[in-house]
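K.L.:
Have a look at this one before I ask anything.
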Amino acid sequence: MPDLLIELFSEEIPARMQAKAADDLRRLVTDGLVEAGLTYRGATAHATPRRLALAVEGLTDRSPTTVEERRGPKVGAPDKAVEGFLRGAGITRDQLETASDKKGEHYVARITREGREAPAIVAEVLEAAVRGFPWPKSMRWGDGTLRWVRPLRRILCILSNEEGATVVPLDIDGIEAGDVTEGHRFMAPGPIRVSGFDDYAAKLRRAHVILDAEERMEIIGQEARNRAFAAGLELVEDEGLLREVAGLVEWPVVLMGRIEERFLALPPEVLRTSMKEHQKFFSVRDGEGRIVRFITVANRETADDGATILAGNGRVLAARLADALFFWENDLAVAKAGMGAWLEKLRSVTFHAKLGSQAERIERIAALAREIAPAVGADPAQAERAARLAKADLSSEMVYEFPELQGLMGRRYAEAAGEAPEVAAAAQEHYQPLGPSDDVPTSPVSVAVALADKIDTLAGFWAIDEKPTGSKDPYALRRAALGVIRLVLENGLAFPLWGPMRTAFTAHGVRPPNPDDPDDYSGMAEPIELEGFLRGFLHDRLKVHLKNENIRHDVIDAVLTGERTDDLADLVGRARALNDVLATEDGGNLVQGYKRAKNILTQAEAQDGVEYSYGGEPKLAETDEERALFAALDAAGPRIDAALGSEDYPAAMAELARLRAPIDAFFEAVQVNSDNAVVRRNRLNMLSTIVRTCERIAALDRLA
C-alpha cells in the first residue's frame, strides 16, 4: 500500500489563512479519495508561509470493481421511458435484464464500474481540490485561469512504497506535478528532490524549513522566554500573536531589541498594542510592569546575528512610537482640560441612524445609570458622572488610531483629569463582559454604567425592530443580553429589570405596555411587548448561560412563571434549588404527586365550572392518610414562607420534598372523587393547596 505526498508550493500565504487551508486540503483530498473507492490509514496536513503539504499513509493502490443493480421501468413501459432509463444507466437495450417482484416484472440494469489505479484517481481528486479550493480571497496571474491565494509555483505529488517513488501524472494550467520542492527562500533556495514524507520533512529541515506550525510556535515561544529571562525580564505572553508570527516564518530566528527611553513614558498598553498591530513584535516587561524591550522573529539567520535586522526594526518602531507619543501628549492635554472637547465632538458622531448620536446615547445611559445606582450599591452622582465620561475617549487621537484601546485609554485619561478612581475605572470596565470568558466588573459604579449601557442598547434596537434573526446578530445584542445576565448573577444583585427597561424604552420614545395590563398599547409609537422581550430573549440567553451548570432547560421553563421573572438572581436561585432536588428520589416523586394533583384538580374544575382554591378543612378528613397530609401541609406552610421570604430556595425545596411521603400515601389510600359531595369538595380544595404550595417555587407541570 503506497503513501501519498502532496505539496502545493506558492508565494506567501497569509498567516491567518494557513491553518484552515491545511485542514481544507486534507478534507478535500481524503474525501475525494474515499468517494472514488480508495481507503487510507491516516492523513496529516501542514502549512508554512509558502506551502501546503499533505501526507496520506497506507493508501490502497486501486479502487475495487463494483456492480450496481439499478431498477428500471415495468416491462412493457413506453419506449421513451425505457430509453431515458438506458441513457441514465449508460447501457444499451440488449444489456437490460428483467426481474419480478410483487409489483410485477420490471427491467434491471447491472452497471459494472471497473476499478481504477490510484495515480489516476489521485490526479483527478487533486485537480478538483486545487481548482475548487475555498480560499477566502484568491487571485489569477499570468494568462492562466487558475485561481489561488497567491501565485502557485510548483506541485509535488508522489506515491511511494518500498520500491521507490512515482510521480503522479498531473498538469494544472501548465504546472506539471513532480517530485521536487524548494527550501528556504534565502538560505536554501535551490530545488530539492524527495522520495516520501520522511525524506521530504528531513530535507526541508536541512534546507532551513520547519514544516510543522506547532513546532515553530514552540521554538519561538521558548526562545523568546529564554532571551527575556536572561535579561532579567519577562515575556508578555500572547497566544494569538505567537500563532500569527509562526505563520510568517519558515525558519524562526528570535531577536530582542531595546525601546528608546523617550517612549517608556507611554502607557504599557499603548506600547504593546502599537508593537503588536504594526510590527508583530512581542513585548518584554520589567519587574515594575513597564514595557522596556521588544522581541521580533526574523525568517533567516545572518552573519551579524541579526544586528542589521534589529537596527532596521528599531528605526521603524521608533517612527511608530513617535506617532503614539504625539497622540498621547495631545490627548493628555484635552483630558486635563476636562474632556469637554471630546464630548462635544461626539454630538456629530452617529451611533445609529435611527438611534441618534453618541452624545444622545450618553445622555440616556447617564440617566439610566443614575436610576440603577441605588440597586447595585453605587453613588448615583458618581454613576452618572462615570457614564458621561465613559465614552469620551472615542474622540481621542489614540483611540482613533488604535480602536482596540477604547475604554482602557478612557481610564487613563480620566485618571489624568483627576476623576475619582471609581469613575475612571468605569470608563474601562463598563464594556465588560465582552464574552463568556471575560471578567465581570464588581465595582458598583462600573456595574451601574455597564448595565445602563447594555440595557440602553437592547431597548434601543428592539425599539427600532432590529432584533437578531437566526445566526445574524450585527449589533451583538445576544452578547449584550448575556452581559446583563452575568453582571446581575455574578454580583449577586436582587435587580428586577422591568423598571430600567421601561425607562430605556421611554427614553427611546416608546412607552412600554402597562405591566398590569399587557394588552394596553395606547399611546405607543409601536406595540412592543417588553414582557415578551424579557422572557423570550433574556431568558433564552439565560438558558444558554446556565447550560454550563447542567441546569435543565425545562427547569428554567418551570421557574419562568408567576411574579419576579425579571429578577434574574431570584429566578436562577429557584432554578438551582429545583434542579438539585429533582436529582433526588423525593424530588422526582414529588413532581409526580404534584402533576397528579394538578390533573385531577384541572379536570374537576372544568367539569364543575368552579375554582377549588379555598383550602380544605382538616375536620372533614375521613382517613388517617388524609389527616396526615393536612398536618404535613399545615406544618410545611410557615417553614416554606420563611424560606421564601429569605430567598433560601434550597430550604424551601427541601420542605416541599418532605411532602412527598404524605402525598404518596394519600393517593394510594384515598379516592379524591368521593360519592359524598362535601368530602369530594374538601379533598379538591386540599389538592389546590398542594398545587399552590409547589407553584410558589415553580410550575412543576412544565417539567419534562
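K.L.:
Consider HIS545 against the criteria (1) within 17 Å of GLY460 (Cβ to Cβ); (2) at pLDDT 85 or above: it satisfies all of them except one. Which criterion is unmet?
P.N.:
The number of the failed condition is (1).
K.L.:
Now for a separate question. Out of everything in the stretch 600-624 that is within 54 Å of the chain's Cα centre (by Cα) and charged (D, E, K, R), what residue ends up being surrounded by the most Cβ atoms within 10 Å (Cβ to Cβ)?
P.N.:
Filtering first and then ranking leaves GLU605.
K.L.:
Search the stretch 292-304 for residues that are closer than 20 Å to GLY232 by Cα and free of Cβ contacts under 8 Å to residues at least 40 places away in the same chain and pair each with any residue that is buried (at least 19 other Cβ atoms within 10 Å of the Cβ) and of a type in the set (A, V, I, L, M) when their beta-carbon atoms are under 7 Å apart and the residues are at least 6 apart or on different chains.
P.N.:
So the pair list comes out as PHE294/ILE259; PHE294/MET275; PHE294/VAL284; PHE294/LEU317.
K.L.:
Another one. Regarding the stretch 318-333, can at least one residue be identified that is modelled with pLDDT under 95, in contact with a helix residue (DSSP H, G or I) (Cβ under 8 Å, 6 or more places away or on another chain), within 30 Å of ARG50 (Cβ to Cβ) and of a type in the set (Lys, Arg)?
P.N.:
Yes - at least one qualifying residue is present in the stretch 318-333.
K.L.:
Collect the residues in the stretch 418-439 that are aliphatic (A, V, I, L, M) and modelled with pLDDT of 95 or more, keeping them in residue-number order.
P.N.:
Taking the stretch 418-439 as the starting set, the residues that turn out to be aliphatic (A, V, I, L, M) are 420, 423-427, 434.
Matches in the stretch 418-439: ALA420, VAL423, ALA424, ALA425, ALA426, ALA427.
The rows are residues; the columns are (1) farther than 30 Å from ARG185 by Cβ; (2) of a type in the set (Ser, Thr, Tyr); (3) surrounded by 17 or more Cβ atoms within 10 Å (Cβ to Cβ); (4) at pLDDT 95 or above.
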site: GLU277; (1), (2), (3), (4): no, no, no, no
site: PHE281; (1), (2), (3), (4): no, no, yes, yes
site: GLU288; (1), (2), (3), (4): yes, no, no, no
site: ALA353; (1), (2), (3), (4): yes, no, no, no
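K.L.:
Here's something else I'd like to know. What residue, of ARG293, ARG320, ARG315, ARG258, is out of contact with any Phe, Trp or Tyr (no Cβ under 7 Å at 6 or more places or on another chain), of a type outside the set (A, V, I, L, M) and within 24 Å of MET217 (Cβ to Cβ)?
P.N.:
Testing whether each residue is out of contact with any Phe, Trp or Tyr (no Cβ under 7 Å at 6 or more places or on another chain), of a type outside the set (A, V, I, L, M) and within 24 Å of MET217 (Cβ to Cβ) leaves just ARG293.
K.L.:
GLN222 versus (1) within 14 Å of PHE294 (Cα to Cα); (2) in a helix (DSSP H, G or I); (3) not hydrophobic (A, V, I, L, M, F, W, C): which is the lone unmet condition?
P.N.:
(1)
K.L.:
Of everything in the stretch 6-42 that's in contact with a Ser or Thr (Cβ under 7 Å, 6 or more places away or on another chain) and buried (at least 19 other Cβ atoms within 10 Å of the Cβ), which residue is farthest from ILE121 (Cα to Cα)?
P.N.:
Within the stretch 6-42, the match that is farthest from ILE121 (Cα to Cα) is GLU7.
A quick yes/no check of all residues on (1) touching a Gly at 6+ places or on another chain (Cβ under 9 Å); (2) within 12 Å of PHE282 (Cβ to Cβ); (3) crowded, with 18+ Cβ neighbours inside 10 Å:
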residue	(1), (2), (3)
ILE210	no, no, yes
GLU214	no, no, no
ILE220	no, yes, yes
GLY232	yes, no, no
VAL249	no, no, yes
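K.L.:
Of everything in the stretch 534-586 that's in a helix (DSSP H, G or I), touching a residue at least 60 places away in the same chain (Cβ under 8 Å) and acidic (Asp, Glu), which residue is surrounded by the fewest Cβ atoms within 10 Å (Cβ to Cβ)?
P.N.:
ASP554
K.L.:
On to the next question. How many of the residues in the stretch 163-210 are touching a Leu at 6+ places or on another chain (Cβ under 9 Å), of a type in the set (A, V, I, L, M, F, W, C) and closer than 15 Å to VAL253 by Cα?
P.N.:
1
The values are calculated or read from the model by the stated rules, or taken from the named source; none is laboratory data. Worth saying up front: this structure is predicted, and the values here are computed from it rather than measured. Using ideal geometry, Cβ is built from the backbone for each residue, glycine included, and neighbour counts are taken over all protein chains shown.
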